[in-house]
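Asker: Starting off with a structure, shown below.
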Amino acid sequence: MVRITFTENLVRHVACPEIEVEAGTVGEALEQAFRHVPALRGYVLDDQGEVRKHVIVLIDGQGLADRARLGQPLGGARRIHVLQALSGG
Amino acid sequence: MSRDERFSRQIRFAPLGRAGQERLAASTVLLVGAGALGTHLADTLVRAGIGRLLLFDRDVVEESNLQRQVLFTEAHARAGAAKAVAAAESLHAIDSRCRVEAFAEEFVPASFGQLPCRPDLILDGTDNFPTRYVLNDLAVRERIPWVYGGAVGAEGMAMAILPGHTPCLRCLIPKAPPTGEQATCETAGILAPVVQMVTAFQSAQALKILSGRHEDVARGVFVVDVWKDSYGLYLGAATRDPACASCGSAEFPALREQPPEAVKLCGRNAVQVLPDPGARIDLELLARHLRTAAAEVELSPYLLRFVAENCRFTVFRGGRALLFGVDTPERARVLYDRYVGAR
Ligand SMILES: [Zn+2]
């Protein structure tokens, strides 16, 4: 099981509670989150299915090797963080 | 009081020591932005004993800044003082030996060439991505270390960039979030503790960099949420992207773009208008002309304020202006041409 959490910055636009899913790859895990909250997809992925350029996806604290390759296996990863670049200051 | 006594508690900290303190005293920091992040950073670094601070900010002090922006007072807000100038005033009272130079200007690529000296470090106190990419591209091109920081709501993020050694901001965030999706301090609010956490991280990296301890600088992205109480330094969060337009292919796109001449300020009912290049403006003369056409005309050494057509103008020397109470850049440009007209 892997737990996915989303930045409050996304929660502001679309409700995305933390969820736990069973998945083999990052892409599968995200797909399951999108199934719960379809509106989330457009905030995380672009129309090519790649992670959007201001979104940061961490798998147990490690960045994605490639924004375009969501087939990256999760291995035994426990946690996926979906973050967004922060602008304020 | 001797400088040794003043900084004794910091010198006693062995990894910094006397040699580190001497390096701090000889160092110059370029700090862009004197808002929440910027004022905390300036306060910490000037107290730590840096030699020289070059401080840029394009904005003026407002009452709603006082909740989280140190160095400013109610008097600064009442006067609508330029943030860079007001901060420099307070910093001078804190340590009169630190050379603080205030620039009440937008930081643009050309600003770098006009600095009085080469900075040893660039610190991010800005509230927008276009300026951050300018800082990133300059830092990478000039090989000057810099530290990114951002904060909104209860969340914060920061990263130190050592050009040539670590990923840069574009490797982590190749493109800014679209304006509509970008939470700002005005739309999502901001808590002072997240500012303090982010600037604590930034200043700690700054002290290591300035005292020559690059090997101790945090590699990774610092992410914090002070409401959910999650704090983390993610070492593998960013990797160098060989295709990065900055540290990879050295295109430095932010250094080629011209800043737009009228731009809405971060979620606020205010627009900044830049004068045409080469335009000249005489604030004293303008103030005299406006005595009949505008209300509440106030002239200070750095700026002119007045109200016309329900819009509050703040015009800086050089012709840059902030217009409060206007919705669109187009409307601001019309009002600017009507009342300031620096062409
Ligand atoms: Zn890069």
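The values are calculated or read from the model by the stated rules, or taken from the named source; none is laboratory data. Only a predicted model underlies this, so the values are computations on that prediction, with no experimental measurement involved. Cβ atoms come from the backbone with ideal geometry, glycine included; neighbour counts cover every protein chain shown. What goes into the accessible areas is simple: the full protein's heavy atoms, side chains included, and nothing from ligands, DNA or RNA. Shrake-Rupley method; radii C 1.70, N 1.55, O 1.52, S 1.80 Å.
Asker: Filtering the stretch B:317-337 down to residues that are part of a strand (DSSP E or B) and in contact with a Cys (Cβ under 9 Å, 6 or more places away or on another chain), which residue is farthest from B:P277 (Cα to Cα)?
Answerer: B:F324
Asker: Could I ask something else about it? Where in the stretch A:2-89 are there strands (runs of 3 or more DSSP E), lying wholly inside it, with at least 2 residues that are under 11 Å from the mean Cα position of the chain (by Cα) and either crowded, with 17+ Cβ neighbours inside 10 Å or within 14 Å of another protein chain (Cβ to nearest Cβ) (or both)?
Answerer: Per the criteria, A:2-6, A:55-59, A:79-84.
Asker: Restricting to the stretch B:272-287, name every residue that is out of contact with any Asp or Glu (no Cβ under 9 Å at 6 or more places or on another chain), surrounded by 17 or more Cβ atoms within 10 Å (Cβ to Cβ) and not in a helix (DSSP H, G or I). Give the derivation first.
Answerer: Initial filter on the stretch B:272-287 (out of contact with any Asp or Glu (no Cβ under 9 Å at 6 or more places or on another chain)): B:277-286.
Retained after the next criterion (residues that are surrounded by 17 or more Cβ atoms within 10 Å (Cβ to Cβ)): B:281, B:283, B:286.
B:I281 - this is the single residue of the stretch B:272-287 that is out of contact with any Asp or Glu (no Cβ under 9 Å at 6 or more places or on another chain), surrounded by 17 or more Cβ atoms within 10 Å (Cβ to Cβ) and not in a helix (DSSP H, G or I).
Asker: Could you list, in sequence order, the residues of the stretch B:6-18 that are out of contact with any helix residue (DSSP H, G or I) (no Cβ under 8 Å at 6 or more places or on another chain), open to solvent by less than 100 Å² (accessible area, probe 1.4 Å) and without any contact (Cβ under 8 Å) to a residue 24 or more places away in the chain? Working first, answer last.
Answerer: Within the stretch B:6-18, the subset out of contact with any helix residue (DSSP H, G or I) (no Cβ under 8 Å at 6 or more places or on another chain) is B:6, B:8-9, B:12-14.
Among the residues that remain, those that are also open to solvent by less than 100 Å² (accessible area, probe 1.4 Å) are: B:6, B:8, B:14.
Hits for the stretch B:6-18 are B:S8, B:A14.
Asker: On to the next question. Of the residues in the stretch B:242-271, how many are assigned to a loop (DSSP other than H, G, I, E, B), away from the ligand (no atom under 12 Å from the Cβ) and surrounded by fewer than 20 Cβ atoms within 10 Å (Cβ to Cβ)?
Answerer: 10
Asker: Output the number of the condition that B:I190 fails; it satisfies all remaining conditions of (1) at the interface with chain A (Cβ under 8 Å from one of its Cβ atoms); (2) more than 19 Å from the chain's Cα centre (by Cα); (3) of a type outside the set (S, T, N, Q).
Answerer: Failed condition: (2).
Asker: Among residues belonging to the stretch B:224-241 that are among the small types (G, A, S) and either open to solvent by 90 Å² or more (accessible area, probe 1.4 Å) or away from the ligand (no atom under 16 Å from the Cβ) (or both), point out the one that is nearest to the other protein chains (Cβ to nearest Cβ).
Answerer: Residues of the stretch B:224-241 that are among the small types (G, A, S), as a first pass: B:230, B:232, B:236-238.
Right, trim to either open to solvent by 90 Å² or more (accessible area, probe 1.4 Å) or away from the ligand (no atom under 16 Å from the Cβ) (or both) and you get B:230, B:232.
Details: B:S230: 8, B:G232: 7 Å.
Filtering the stretch B:224-241 for residues that are among the small types (G, A, S) and either open to solvent by 90 Å² or more (accessible area, probe 1.4 Å) or away from the ligand (no atom under 16 Å from the Cβ) (or both), the one nearest to the other protein chains (Cβ to nearest Cβ) comes out as B:G232.
Asker: Another one. Among the listed residues B:A158, B:A188, B:A204, B:A192, identify the single one that is open to solvent by 10 Å² or more (accessible area, probe 1.4 Å), in contact with a strand residue (DSSP E or B) (Cβ under 6 Å, 6 or more places away or on another chain) and away from the ligand (no atom under 16 Å from the Cβ).
Answerer: It is B:A188.
Asker: Count, please, the residues in the stretch B:163-184 that happen to be open to solvent by 20 Å² or more (accessible area, probe 1.4 Å) and either over 27 Å from A:A65 (Cα atoms) or more than 16 Å from the ligand (Cβ to nearest atom) (or both).
Answerer: The total comes to 5.
Asker: Just to verify a result, which residue in the stretch B:288-316, among those that are outside any strand (DSSP E or B) and touching a residue at least 60 places away in the same chain (Cβ under 8 Å), is nearest to B:G278 (Cα to Cα)?
Answerer: Applying the filter and picking the extreme gives B:Y302.
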